[in-house]
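The values are calculated or read from the model by the stated rules, or taken from the named source; none is laboratory data. Owing to the predicted nature of the structure, the values given are computational and were not obtained by experimental measurement. Positions of Cβ are generated from backbone atoms using ideal geometry, with glycine treated the same way; all protein chains shown enter the neighbour counts. Note: areas computed on protein heavy atoms with side chains; ligands, DNA, RNA excluded. Shrake-Rupley method; radii C 1.70, N 1.55, O 1.52, S 1.80 Å.
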Amino acid sequence: MTSETIRWTRKDLLGIAELSPAEIGLLLDTAESFSEIGERPIKKVPTLRGKTVINLFFEASTRTRSSFEIAEKRLSADNINFSTSGSALEKGESLIDTALNLQAMAPDLVVIRHGSPGVPHMLARRLQAGVINAGDGAHEHPTQALLDAFTIRRHKGRLAGLRVAILGDIEHSRVVRSNIHLLTKMGATVVVGGARTLMPTAVEKLGVEVAYSLEDALRGADVVMMLRIQLERQGKMSFPSAKEYFRLFGLTRERLKLAQDDAIVMHPGPMNRGVEIASDVADGSRSVILEQVTHGVSVRMAVLYLLSGVTASEES
Amino acid sequence: MPRVPPTGARLNSMHENLTPKNTILDAKQMARIIRRMAGEVVETNRDLANLLLVGIRTRGVPLAEQLAVEIERMEGVKVPVGVLDITLYRDDLSTIAAQPQVKGTTLPRPVEGSTVLLCDDVLYTGRTVRAALDELLDFGRPRAVKLAVLIDRGHRELPIQADVVGKKVPTSGDEVIEVTFQSTDGIEQVRILERKAPR
């Protein structure tokens, strides 16, 4: 690991695109140290005592928000949740006013999810506090990519040289963008696969291979990462029916045989059983889907810890 | 004046403006002292089966390991060795520039009911030991906690003292005690370094 020599100098974590392999390595190594805290009888360390973290969710989220909340509490930070329903955000307040109001409360860190790409970046420029992107539109979701990489490393011992197949709704997924950036930076080969109607144009420019059948994408893969069919994010259905989608692009036990014998199956959740993934695969021995959730807490603790050490004036 | 020590990537003298003043212990003397410390541990802990040695990262770990080797040689009992990383319990996290690396804690046996011997290379202000106690207690309720240090250099800022001391070394605030081990630094010795005023 090269992280021995590097120090974290960013106030914000907005995306994977701007990170160096050494920074990614440092985040993953730090997460490794934090994972042990989740196994202690007292799952709490005093590290962020007296720090305030605001969780600002403009989009519904259960998994990501509770994962951040647990991570914050395990580090002894004080956390406050803002969500769209019932707040001023719904009453027509502009984003900039929201930002100024947040600033006035002097938080140390702000975790934000928003439906439009770039909103975390705008907040980061205006706030003294560190900003963590918890998903902005179909742009980036850096902590998800980090927890995916952490899970892969736990099982394969490395990222470099692996073949990772990412399958499903590539067009509407922020998870896939962050994952492509991270995995290619760390020396893995990424193949994206799925229906043509769910494949963004010029996706190969991100440095990935493209396959238009599940079978082609799966062949020889060390890691199979399924994406959710994001019905709510699509204006119209990109395929005739969920049943037909499953018949052509669903991950079944039979299809999984095309991947390496020791391939692991991942899914960022929430899963649509019987649409993109068969139930017996999701619950099977190759599935590491619930481990991903566990590792999410360690990764987010690492992010909160490293960011909390850098203030706006020190950022280099 | 050369201020780079002969070996070791992470010696104190490499990242601060420090010059070696004198070597207070060489490898032989260190080994002899650690042997004597192990003897004291055996003498004062009749129930060795209940003992857990815990080294405070970084250089409390090789001390704990060497004590375990000596205890086994004397009594034929293998005492388990754990590692404590106190980074997350430090009281100065908000005053230092970037977050120090967290390398993790591993305890081979439940703390609950054990007699824990915390091991560290140098006892100075006592703040590291305070952090170590806080962390240790989050793992359970030990029957007792004791402290073994290779060097006690004085200048305590908290009411903490060691039960087993290798050597007492009176120092001034401008001096730094540098303890190195074969396993962590490639050389086994204890030196006094002096902080030079920046020119």
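Restricting attention to the range B:87-109, the residues that are more than 9 Å from every other protein chain (Cβ to nearest Cβ) and either open to solvent by less than 20 Å² (accessible area, probe 1.4 Å) or within 25 Å of B:Asn50 (Cβ to Cβ) (or both) add up to 3. Would you say A:Leu75 is under 24 Å from A:Asp148 (Cα atoms), crowded, with 22+ Cβ neighbours inside 10 Å and within 14 Å of another protein chain (Cβ to nearest Cβ)? Answer is yes for this residue.
Considering only the range B:68-82, how many residues are within 14 Å of chain A (Cβ to nearest Cβ) and either open to solvent by 20 Å² or more (accessible area, probe 1.4 Å) or assigned to a loop (DSSP other than H, G, I, E, B) (or both)? I'd like the intermediate steps shown before the answer.
Narrowing the range B:68-82 to residues within 14 Å of chain A (Cβ to nearest Cβ): B:82.
Narrowing further to those that are either open to solvent by 20 Å² or more (accessible area, probe 1.4 Å) or assigned to a loop (DSSP other than H, G, I, E, B) (or both): none.
Adding up the residues that qualify gives 0.
Scanning the range B:161-199 for residues that are touching a residue at least 60 places away in the same chain (Cβ under 8 Å) and open to solvent by 50 Å² or more (accessible area, probe 1.4 Å) yields a count of 9. If you check B:Ala144, B:Ala148 for being under 26 Å from B:Asp47 (Cβ atoms), in contact (Cβ under 8 Å) with a residue 12 or more places away in the chain, more than 10 Å from chain A (Cβ to nearest Cβ) and touching an Asp or Glu at 6+ places or on another chain (Cβ under 7 Å), only one passes: B:Ala148. Looking only at the range A:83-102, decide whether some residue is within 30 Å of B:Leu137 (Cα to Cα) and either among the small types (Gly, Ala, Ser) or crowded, with 19+ Cβ neighbours inside 10 Å (or both). Within the range A:83-102 (the criterion being within 30 Å of B:Leu137 (Cα to Cα) and either among the small types (Gly, Ala, Ser) or crowded, with 19+ Cβ neighbours inside 10 Å (or both)), the answer is no, since none of the residues qualifies. Might you check whether a residue that is more than 21 Å from A:Ser61 (Cα to Cα), open to solvent by less than 20 Å² (accessible area, probe 1.4 Å) and out of contact with any Asp or Glu (no Cβ under 7 Å at 6 or more places or on another chain) occurs anywhere in the range A:260-271? For the range A:260-271, residues more than 21 Å from A:Ser61 (Cα to Cα), open to solvent by less than 20 Å² (accessible area, probe 1.4 Å) and out of contact with any Asp or Glu (no Cβ under 7 Å at 6 or more places or on another chain): present. Candidates B:Thr171, B:Thr184, B:Thr125, B:Thr115: the one that is farther than 18 Å from B:Gly55 by Cα and either away from chain A (no Cβ under 14 Å) or within 14 Å of the chain's Cα centre (by Cα) (or both) is B:Thr171.
For A:Ala129, state whether it is out of contact with any helix residue (DSSP H, G or I) (no Cβ under 9 Å at 6 or more places or on another chain) and among the small types (Gly, Ala, Ser).
Values: out of contact with any helix residue (DSSP H, G or I) (no Cβ under 9 Å at 6 or more places or on another chain): no; among the small types (Gly, Ala, Ser): yes.
No, not satisfied.
So, in the range A:44-59, of the ones that are among the basic types (Lys, Arg) and facing chain B (nearest Cβ under 9 Å), which residue ends up nearest to A:Ala99 (Cα to Cα)?
Of all residues in the range A:44-59, those among the basic types (Lys, Arg) come to A:44, A:49, A:51.
Still in the running and facing chain B (nearest Cβ under 9 Å): A:44, A:51.
Numbers: A:Lys44: 30, A:Lys51: 18 Å.
Checking each candidate, the answer is A:Lys51.
I'd like the full set of residues that are in contact with a helix residue (DSSP H, G or I) (Cβ under 8 Å, 6 or more places away or on another chain) and either free of Cβ contacts under 8 Å to residues at least 12 places away in the same chain or surrounded by fewer than 20 Cβ atoms within 10 Å (Cβ to Cβ) (or both), limited to the range B:110-128. If you could, list the steps in order and put the result at the bottom.
Within the range B:110-128, the subset in contact with a helix residue (DSSP H, G or I) (Cβ under 8 Å, 6 or more places away or on another chain) is B:111, B:113-121, B:123.
Correct list: B:Gly113, B:Thr115.
The residues listed here are A:Ala17, A:Ala106; of these, the one that is within 17 Å of the chain's Cα centre (by Cα), more than 14 Å from every other protein chain (Cβ to nearest Cβ) and open to solvent by 20 Å² or more (accessible area, probe 1.4 Å) is A:Ala17. Looking across the range A:228-254, the residues that are open to solvent by less than 40 Å² (accessible area, probe 1.4 Å) and modelled with pLDDT of 80 or more come down to A:Ile229, A:Tyr245, A:Phe249, A:Gly250, A:Leu251, A:Thr252.
Residues that are open to solvent by less than 30 Å² (accessible area, probe 1.4 Å) and either of a type in the set (D, E, K, R) or within 22 Å of A:Met105 (Cβ to Cβ) (or both) do occur in the range A:40-47, at least one of them.
How many residues are part of a helix (DSSP H, G or I) and open to solvent by less than 30 Å² (accessible area, probe 1.4 Å) when one looks only at the range A:109-157?
Total meeting the criteria: 15.
Residues of the range A:172-194 that are open to solvent by 10 Å² or more (accessible area, probe 1.4 Å) and either among the polar types (S, T, N, Q) or under 18 Å from A:Leu251 (Cα atoms) (or both): A:Thr184, A:Thr189.
For the range A:25-39, give me each residue that is surrounded by fewer than 22 Cβ atoms within 10 Å (Cβ to Cβ) and more than 9 Å from every other protein chain (Cβ to nearest Cβ). Break it down into steps so the answer makes sense when it comes.
Taking the range A:25-39 and keeping what is surrounded by fewer than 22 Cβ atoms within 10 Å (Cβ to Cβ), we get A:25, A:29, A:32-33, A:35-36, A:38-39.
Across the range A:25-39, the qualifying residues are A:Gly25, A:Gly38, A:Glu39.
With respect to A:Ser67, determine if the residue is outside any loop (DSSP other than H, G, I, E, B) and away from chain B (no Cβ under 14 Å). Step through it out loud before you land on a result.
Numbers: outside any loop (DSSP other than H, G, I, E, B): yes; away from chain B (no Cβ under 14 Å): yes.
Yes, satisfied.
Does the range B:53-67 include one or more residues that are over 14 Å from the mean Cα position of the chain (by Cα), buried (at least 22 other Cβ atoms within 10 Å of the Cβ) and either under 30 Å from A:Leu48 (Cβ atoms) or more than 14 Å from every other protein chain (Cβ to nearest Cβ) (or both)? Break it down into steps so the answer makes sense when it comes.
The first filter runs over the range B:53-67 and keeps only residues over 14 Å from the mean Cα position of the chain (by Cα), leaving none.
No, every residue in the range B:53-67 fails to be over 14 Å from the mean Cα position of the chain (by Cα), buried (at least 22 other Cβ atoms within 10 Å of the Cβ) and either under 30 Å from A:Leu48 (Cβ atoms) or more than 14 Å from every other protein chain (Cβ to nearest Cβ) (or both).
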